[in-house]
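Remarks on the structure that follows.
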Amino acid sequence: MRLFKNAHYDFLALRKQAYVVSGILLSAGILSLILHGGLRQGVEFTGGTKFQIEFVEPTSVADVRDAIAEAGLEGAQIQQFGGSNEYAIRVATFSESGGLRVSEEVTEALDGAYGEGAWEMRRRSAVGPKVGSELKEKALIAILLSFALTLVYLAFRFEWRFGVAAIVATAHDITLTFGFLSILNIEITLATVAAILTILGYSLNDTIVVFDRIRENLKKRRKDSYDDIINSSINETLPRTVLTSGTTLMTLLALFFLGGSVIQPFALVMILGVIIGTYSSIFVASPVLLELATWSRNREKRRSAAPAKAG
């Protein structure tokens, strides 16, 4: 299938508008992070016990909260999860028995309020504060290490300008994704971290495809301007970019709508990442590469002009 045959769009002419759009979205995300005091972390990182329960008859969050409070578990976070009768309960209490004691307290409270057989515990997970701290540290190391290895790889395969442009675009993608996670109040779990790392790979792959074509055209068309080469390279890879992103989004949308409540947060983060990554490979990575190339070329001109002035 061939889309955008003989495409000749001037993407670089829109780079200033793209900078403004990215700036607004990044500012909104950072503001949300500040107002919310950071991301909403799951029990994997903060430590505690989390339950997923399902009631036979519909009930409200307020009623469930009152029932849990009767067990002495004040401050429990309760939210609707999946269907109208499903709820996620997060308690910042951990016991060495893997959340068993807390589970018994929750069971007694719900049985007392609703009766036995009126609800079912679908899932339970418990993480200690020490393990949660270690997981948080390792997740951060994984993201930073991916940045460093990417820069080394791109600098080796291409040159430093390509590496810096790719890192800027990737940092843009991750920051924007974190901002959307904060705005949408999505809980950060290990599955979410896995999705973020997958986004890193997807975004970089898309960027490298464009950069590879730019490098090829720089060798073939030495007389053409840098602007024209970058623009034509983006247009030449546009069919591949749109088809790859489109088919990936079709799969992720199917996961989001049909995969159930457990997989939905992962699928949503991936959907955001694919859209943001596709946008950044065209409107962030390539324009930044042009800015770096222009700055480098002007610096070389000033250096070559300096000996003439001295003479």
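The values are calculated or read from the model by the stated rules, or taken from the named source; none is laboratory data. Since the structure is predicted, the reported quantities are computational estimates derived from the model, not experimental observations. Because the Cβ atoms are built from the backbone with ideal geometry, glycine has one as well, and the counts that use them run over all protein chains shown. The accessibility values were calculated without ligands, DNA or RNA, using every heavy atom of the protein model including side chains. Shrake-Rupley method; radii C 1.70, N 1.55, O 1.52, S 1.80 Å.
Checking Val262, Val242 one by one, the residue that is under 17 Å from His8 (Cβ atoms) and aliphatic (A, V, I, L, M) is Val242 and no other. Note on the stretch 188-217: residues that are in contact with a Gly (Cβ under 8 Å, 6 or more places away or on another chain) and open to solvent by 20 Å² or more (accessible area, probe 1.4 Å) amount to 4. Considering the conditions (1) in a helix (DSSP H, G or I); (2) closer than 30 Å to Phe178 by Cα; (3) open to solvent by 10 Å² or more (accessible area, probe 1.4 Å), Ser232 is excluded by exactly one of them, (2).
Phe180 meets each of the listed conditions (1) farther than 15 Å from Phe283 by Cα; (2) buried (at least 17 other Cβ atoms within 10 Å of the Cβ); (3) modelled with pLDDT under 85 apart from (3).
Scanning the stretch 232-255 for residues that are farther than 17 Å from Thr278 by Cβ and either touching a residue at least 12 places away in the same chain (Cβ under 8 Å) or in contact with a Ser or Thr (Cβ under 9 Å, 6 or more places away or on another chain) (or both) gives Ser232, Leu255.
Right, Leu249: open to solvent by 20 Å² or more (accessible area, probe 1.4 Å), within 26 Å of Phe211 (Cβ to Cβ) and at pLDDT below 90 or not? Walk me through how you get there before you give the answer.
Values: open to solvent by 20 Å² or more (accessible area, probe 1.4 Å): yes; within 26 Å of Phe211 (Cβ to Cβ): yes; at pLDDT below 90: no.
So Leu249 fails the test.
Out of the residues in the stretch 118-139 that are farther than 17 Å from Tyr87 by Cα and at pLDDT 80 or above, which is least open to solvent (accessible area, probe 1.4 Å)? I'd like the intermediate steps shown before the answer.
The initial filter retains those residues of the stretch 118-139 that are farther than 17 Å from Tyr87 by Cα, namely 127-139.
Those left that are additionally at pLDDT 80 or above: 137-138.
Values: Glu137: 110, Lys138: 134 Å².
Looking at the filtered set, the residue picked out is Glu137.
Kindly establish whether Ser32 is more than 30 Å from Glu104 (Cα to Cα) and touching a helix residue (DSSP H, G or I) at 6+ places or on another chain (Cβ under 6 Å). If you could, list the steps in order and put the result at the bottom.
On the way: more than 30 Å from Glu104 (Cα to Cα): yes; touching a helix residue (DSSP H, G or I) at 6+ places or on another chain (Cβ under 6 Å): yes.
Yes; evaluated as a whole, the condition is true for this residue.
So which helices (runs of 4 or more DSSP H) stay within the stretch 1-75 end to end and still have 2 or more residues that are modelled with pLDDT under 85? Step through it out loud before you land on a result.
Working: elements: 15-36, 43-46, 61-70.
Correct list: 43-46, 61-70.
Quick check: is even one residue across the stretch 110-117 more than 26 Å from Val269 (Cβ to Cβ), in a helix (DSSP H, G or I) and open to solvent by less than 50 Å² (accessible area, probe 1.4 Å)?
Our first condition is that a residue be more than 26 Å from Val269 (Cβ to Cβ); within the stretch 110-117, this holds for 110-117.
Imposing the further condition that a residue be in a helix (DSSP H, G or I) reduces the set to 110-114.
Next cut, open to solvent by less than 50 Å² (accessible area, probe 1.4 Å) only: 110-111.
Yes, that holds for at least one residue.
Every residue, every condition in (1) within 24 Å of Tyr153 (Cα to Cα); (2) of a type outside the set (Lys, Arg); (3) modelled with pLDDT of 90 or more, yes or no:
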| position | (1), (2), (3) |
| --- | --- |
| Tyr202 | yes, yes, no |
| Asn205 | yes, yes, no |
| Ile208 | yes, yes, no |
| Arg213 | yes, no, yes |
| Leu218 | yes, yes, no |
| Arg222 | no, no, no |
| Tyr226 | yes, yes, no |
| Ile230 | yes, yes, yes |
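Is it fair to say Val43 is on the phi < 0 side of the Ramachandran plot and loosely packed, with under 14 Cβ neighbours inside 10 Å? So Val43 does not fit the description; no. All of (1) of a type in the set (Asp, Glu); (2) free of Cβ contacts under 8 Å to residues at least 60 places away in the same chain; (3) touching a Lys or Arg at 6+ places or on another chain (Cβ under 7 Å) hold for Glu216 with one exception: (3).
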